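Have a look at the structure that comes next, please.
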Amino acid sequence: MIELFIFYLHVVGFTLGFVKRRQEDGWQEGFLALATMALIFFVGWSMSSFLVKLVLEPEGFGKWLNRDAVSLLVLTAGEAVFYVFYYRDDRRPAEPTGAGS
């Protein structure tokens, strides 16, 4: 159940990333962002599964939080940090010039 929620969360995130890039730079950039996000998801899921497999048993922390769910949670946390820095606006307001300076 947790895995399904995380997959739905990724579908929403992929849609938001595609729409944001498409509105800013066009269709090609939207599809490129979608492909990049999918690549990060699949490679990141493989890496997080490998790392969690070294630490946890297959049953994980119980019925709802097994090893696969934990690896997807680790992946989602890593992706969230990455995408916050990737999609944030780097525009800073201009510094006001003082009249007395």
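Here, each number is a calculation from the coordinates, and none is a lab measurement. In this text the structure is predicted, and so the values were computed from the model without any measurement. Methodologically, a virtual Cβ is constructed for each residue, glycine included, from the backbone with ideal geometry; neighbour enumeration extends over all protein chains shown.
Restricting to helices (runs of 4 or more DSSP H) lying wholly in region 1-97: which have 3 or more residues that are among the small types (Gly, Ala, Ser)?
Qualifying helices (runs of 4 or more DSSP H): 27-55, 67-87.
Every residue in region 17-31 that is at negative phi and loosely packed, with under 14 Cβ neighbours inside 10 Å, please.
Val19, Gln23, Glu24, Asp25, Trp27, Gln28, Phe31, listed by residue number.
Another question, if that's okay. In this structure, does Leu65 turn out to be touching a residue at least 40 places away in the same chain (Cβ under 8 Å) and either aromatic (Phe, Trp, Tyr) or buried (at least 18 other Cβ atoms within 10 Å of the Cβ) (or both)?
In short, no.
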